[in-house]
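Asker: The structure under discussion is supplied below as structure tokens; questions concerning it will follow.
A short reminder: the numbers here are calculations on the coordinates, not readings from a lab. Keep in mind that what you see is a predicted model, and the values were worked out from it rather than measured. Quick reminder, even Gly has a Cβ in these numbers, built from the backbone with ideal geometry, and neighbours come from all protein chains shown.
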Amino acid sequence: MLDEQSRNLRVFAWDLYNYGRGIIMRRTTVLLIGCLFLFVLVQAGGGAPKKQEVTIQLTEFAFKPNKITLTKGVPAELKLSNKGSVTHEFMVYAPPKAGMSMEDVEKWAEDQSYFKDLEVTVEGAGIEVVGKGIFEVEIEAGKSAEIKFTPTKAGTFEIGCHLPGHYEAGMKGTLVVK
Ligand SMILES: [Cu+2]
């Protein structure tokens, strides 16, 4: 009788042991699959940059650098820093046609804005503006602003500051989207 009981107990203990092992193995398998999944995610993310950041300084009367290149489809963050002593603005638009008057170029810059149909976020001095139809960002002397958007149109565009006299003084540059 005692033998029978202790045998049953041993069988029970063995079952319990196997049951436990099963749980541990299942857990290990889940953990391994989890790690593998994470690894695949990291690998996939490592191929293409998640965002592109460019810092542009605005001074009298230039953008530095005056040529920037962005990759289409990758979220972009342009940090605009006014290092000058007067307000400057940042506009991006299709290159104006030859022979346009200054007035025409200003209108063109607004109408042909790169940001026209894009969702754009502008952050600066504690203000955040989000939306479509933003075509210029004005930055006071010594202040900074950040423009976030995902470029969708490839091509060559002009960067310009159209505050009176600035563009004529050479405050322009080029944005290339590849
Ligand atoms: Cu300016």
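Asker: Kindly provide the set of residues from region 55-89 that are within 12 Å of residue 139 (Cα to Cα) and near the ligand (Cβ under 9 Å from one of its atoms), ordered by number.
Answerer: Matches in region 55-89: 58, 59, 82, 84, 86, 87, 88, 89.
Asker: When you look at residue 86, is it within 22 Å of residue 176 (Cα to Cα), in contact (Cβ under 8 Å) with a residue 12 or more places away in the chain and among the β-branched types (Val, Ile, Thr), yes or no?
Answerer: Judged against the criteria, residue 86 is not a match.
Asker: Taking the criterion of being assigned to a loop (DSSP other than H, G, I, E, B) and farther than 22 Å from residue 57 by Cα, would at least one residue in region 131-147 satisfy it?
Answerer: The answer is yes; a qualifying residue exists.
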